[in-house]
Amino acid sequence: MGKRSRRRSEGDEGPVERPPAVDALLGADPAPVADGASQEPAAADGAPSAGKGADRQGPPARHPAPDGRLREVAYLVEEADHLLHLYRWILLTGDVPRAQDWLKREDWPHPDHVIDVFGSWQKFLTHAGVAGSPLLARLRDADAAAKGLAAREKAQAKEAARADDLRRQVERAKQRREEAGQQQAEQSARADRAERSLNLAEERAAAAEARLAARREEATAAAVLPAGGAAAGSDPRLTALEDELEAVRAHREALLTQVEGLREAATYDRRTIVRLSTHLAEAGAADETAAEADAPPPATVLDAVRRAAAQAQHLVFTPGAEESAADSPYRRPAEILDTLAKLDELAGRYAAGEMGVSLTQAAGDAGLTYKGGVSELARSRNPHDYATTYDGQRLELGPHVALGSGSGAGFIARIYLHVADGSDGVPRGIYVGHVGRHLPDTTT
């Protein structure tokens, strides 16, 4: 009972006030008893008793209870009462109270009384053992899960609104593409008609030129110059043919201009259709992404790995990835899925040779805690743990991504990789060999 030194010392003077419950428990009179005071019964006439040799025998004397034990019992009762209130508070509110929570509440003990018994509020909570309570831990996990669910619902609502907007954009793009297609078809028909008219005009021009040349030859051969020296070219028929030829040529030039304009319009329409088709494809891809965002988060690490493997375009998953994921109790599988999606993007850049920077820097820019390898001591001590097989080839693991914080497999996870540059017979790329528990190293 070391903490009793914080209260009234053994040498304090004056009577000790005991709670009625303590008096009832001990069977003592409710009146306070002074230290060292005698409780011998008095005689009927007020005289003290005569002692052992007296002829008159009174009731048996009540032996005084040790005052220190009474105080000890009183403090124990106070401790039990405060602990009862503490557990009741936790049961009703689901949280550990602060001293301020009981300060202005008449139905709870005053914090000063609690501190007087236990020495401080923190010692009070430590004595109660609430810091390691599994119930409170589950309540905190439930609160964190509820907050995470609310955040995900909010994000899903935003994604749903964005998906609706993208759908409207898709519908508008489809409508505009159909309109552009109709315009292109109309302009193509007009261009075809203009080309046919142009061909006819060219044929007419050629025929007119041939007739004009024939007429000129005839006029030159049969021409008779009068005395006034009139020229043979003054034949009205030749003038009419020349006028007709000029009209045909002008019509042909107009048709050529119209055809060029129609061709330019058709080219513009084709570009518009290509642009709208590209926008439509992008909107469709965004719509699929939004639909994926509406999917529930993965329930386990194995579920996360299987989803990532189904969606991956560049990242290669070995059989060891699923085997290790099935054994992982990591509590945030959605974080695993997000990390594998980021690694898939990095794997595409790495396989194409478009990194531009080191893989470590690129992973850091993507927000990943990436390590380029493990120590040779850890690998030599656990050679089988840091290896996996894929298509009959042995892949050495080392580079990894760290997830979570704290201690225990439920709070931390690792994704171990094999990065192949194509020189060891394995196609260039990033291979996932282990997802889940931290592999043994020099610290374990």
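The values are calculated or read from the model by the stated rules, or taken from the named source; none is laboratory data. Computed from a predicted structure; not experimentally measured. FYI the Cβ positions are ideal-geometry reconstructions off the backbone, even for glycines, and counts take in every protein chain you see. All accessible areas refer to the heavy atoms of the entire protein, side chains included, with ligands and DNA or RNA removed. Shrake-Rupley method; radii C 1.70, N 1.55, O 1.52, S 1.80 Å.
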- request: Enumerate the amide H contacts of Thr369 below 5 Å, restricted to partners 5 or more residues apart or on another chain; note that Pro and chain-start residues carry no placed amide H.
  value: Ala402
query: Which value in nm describes the separation of the simple spin-label points at Gln313 and Ala142, placed 7 Å from the Cα toward the beta carbon?
result: 4.4 nm
- line: Here FRET efficiency (C-beta to C-beta, Asp421 to Tyr268, R₀ 41 Å, nearest 0.05) is 0.30
query: Separation between the Leu149 and Thr93 pseudo-spin-labels, each 7 Å from Cα along Cα→Cβ, expressed in nm?
result: 2.4 nm
message: If Rh is defined by the Kirkwood formula over all Cα pairs and Rg also comes from Cα, what ratio Rg/Rh do you get for the range 367-437?
response: 0.99
- prompt: Based only on the alpha carbon positions, what is the Kirkwood hydrodynamic radius of the range 62-195, in angstrom?
  reply: 21.6 Å
field: Potential lengthening between Arg69 and Thr239 on full extension [0.36 nm per residue; Cα-Cα distance subtracted]
entry: 46.6 nm
- line: On the accessible surface of the range 320-368, probed at 1.4 Å with all protein chains in place, carbon and sulfur together account for a percent value of 45 percent
query: What fraction, in whole percent, of alpha-carbon pairs in the range 288-381 exceed 20 Å separation?
result: 47 percent
task: Grab the beta carbon distance between Gln183 and Glu203, set R0 = 35 Å, and tell me the FRET efficiency rounded to 0.05.
output: 0.70
- request: Can you tell me how much longer the chain between Arg216 and Glu171 gets when fully stretched, taken as 0.36 nm per residue apart minus their C-alpha distance, in nm with one decimal?
  value: 9.6 nm
- line: Amide H contacts under 5 Å for Leu395, restricted to residues at least 5 apart in sequence or on another chain and with H modeled in the peptide plane, are Thr388, Thr389, Tyr390
Paramagnetic reach from Leu256 (point 7 Å along Cα→Cβ, amide N under 19 Å) across the range 195-213: 195-210
query: Residues with beta-carbon under 14 Å from that of Pro109, excluding Pro109: net charge, scoring Lys, Arg +1 and Asp, Glu -1?
result: -4
task: Please report how far the C-alpha centroid of the range 105-182 lies from that of the range 413-432, rounded to the nearest whole angstrom.
output: 38 Å
statement: HN-Hα couplings for the range 244-261 via Karplus (6.51, -1.76, 1.60; θ = phi - 60°), in whole Hz with x for Gly/Pro, come out as 5, 5, 5, 5, 5, 5, 4, 5, 5, 5, 5, 5, 4, 4, 5, 5, 4, x
- request: With a bin width of 5 angstrom, please list the P(r) values of the range 289-444 as percents of all Cα-Cα pairs, from the 0 bin to the one holding the largest distance.
  value: 2, 9, 19, 23, 22, 16, 7, 2, 1, 0
message: What's the ranking of 348-357, 176-185 by average number of surrounding C-beta atoms within 10 Å, highest first?
response: 176-185, 348-357
- prompt: At a Förster distance of 30 Å, what's the computed FRET efficiency of Ala409 paired with Thr360, Cβ-Cβ distance as r, to 0.05?
  reply: 0.75
statement: Taking placed amide H atoms and a strict 5 Å upper bound, the residues 5 or more places from Gly433 or on another chain that come that close are Tyr416, Leu417, His418
